[in-house]
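The values are calculated or read from the model by the stated rules, or taken from the named source; none is laboratory data. If you're wondering where the values come from, they're calculated on a predicted model, not measured in any experiment. Neighbour counts run over all protein chains shown; Cβ positions are idealised from the backbone, glycine included.
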Amino acid sequence: MSEAVGLRERKKARTRAAIQEQALRLFAERGYHETTTEQIAAAAEISPSTLFRYFPTKEDLVLYDALDDAMAKALEEQPPELTPIQAVRTAMATVLGGLDTDENGREAVRQRLAYSVPELRARLYEQYVSTIKVLSKAMARRLGREPDDERTRLWSGAVVGTMIAAFDRGEEALISDPGFAERVDEALAFLEGGLEP
C-alpha cells in the first residue's frame, strides 16, 4: 500500500469514527428516533451527503463496528504457536483491554442501542454475518488458507455464535459490564477443546 493510500484510508477511518461518535452522543442525549441524520451531520460538521457516503442508513451509524477490524488486526499479530482459539482470546483481551474510558462508553452506548431499538436489533443478524466474515478471513490468512475456506468459515461461525451467547444480555450496557470480557473469554475457553479449524 502506498503512503498516499494509507494516509487516505486513515483519514477516512478518522472521519467515520468522528461521525459515529457524534451520532452516538446525540442518540444517548436525545434518543435514537428523536435524532435526525441532519442533526448528526451538523454536529459532525459535514454535509448530509457526506454522512451518507460513510453510513448509507441511520441504522449503520449504530451498527458499524470498528472493533471488528481491530480484532482482525490483533488476531493476525498473535504468535503462530497459539492455537486459533488462544489467538482469538488473546486478540480480544488486547482490543478490549486497550479501550480507554471514552471508547468504552461509546461502545456501551452503541451496544445498548443495537439491542434496545427494534429495527436495529432486527439488523444485528447482518452484523453477526459480517463479523463471521471478518474473523474467517483473518483466520484464513493466519493459517495460510484461501479466504473462502469452508472449515475456517464454519469455525468462525461457531466462535461468533459462542460470543453472542456469552454477551447477549438484552438492553444492558454489555461492554461496560465489568464481567463482559471474562464471560466472553470463558465462553471461548469452553470451545477450546474440540472446535479448532
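For the range 42-57, what are the residues that are part of a helix (DSSP H, G or I) and of a type in the set (V, I, T)? Reasoning before the result, please.
To start, the set of residues in the range 42-57 that are part of a helix (DSSP H, G or I) comprises 42-43, 48-54.
Residue satisfying the conditions is T50 alone.
Taking the residues in the range 156-185 that are within 12 Å of V88 (Cα to Cα) and either at pLDDT below 70 or not hydroxyl-bearing (S, T, Y) (or both) as candidates, determine which candidate is surrounded by the most Cβ atoms within 10 Å (Cβ to Cβ). Steps first, please.
Step one: filter the range 156-185 for residues within 12 Å of V88 (Cα to Cα), giving 156, 159-160, 163, 184-185.
Remaining after also requiring either at pLDDT below 70 or not hydroxyl-bearing (S, T, Y) (or both): 159-160, 163, 184-185.
Working: V159: 25, V160: 21, M163: 21, V184: 23, D185: 18.
The qualifying residue surrounded by the most Cβ atoms within 10 Å (Cβ to Cβ) is V159.
Within the range 114-138, restricting attention to residues that are in contact with a Leu (Cβ under 7 Å, 6 or more places away or on another chain) and at pLDDT 90 or above, which residue is farthest from A17 (Cα to Cα)?
Among those that are in contact with a Leu (Cβ under 7 Å, 6 or more places away or on another chain) and at pLDDT 90 or above, it is A138.
Per-residue answers, yes or no, for (1) crowded, with 17+ Cβ neighbours inside 10 Å; (2) without any contact (Cβ under 8 Å) to a residue 24 or more places away in the chain:
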{"site": "R10", "(1), (2)": "no, yes"}
{"site": "Q22", "(1), (2)": "yes, yes"}
{"site": "A28", "(1), (2)": "yes, no"}
{"site": "T36", "(1), (2)": "no, yes"}
{"site": "I40", "(1), (2)": "yes, yes"}
{"site": "F52", "(1), (2)": "no, yes"}
{"site": "D65", "(1), (2)": "yes, no"}
{"site": "A91", "(1), (2)": "yes, yes"}
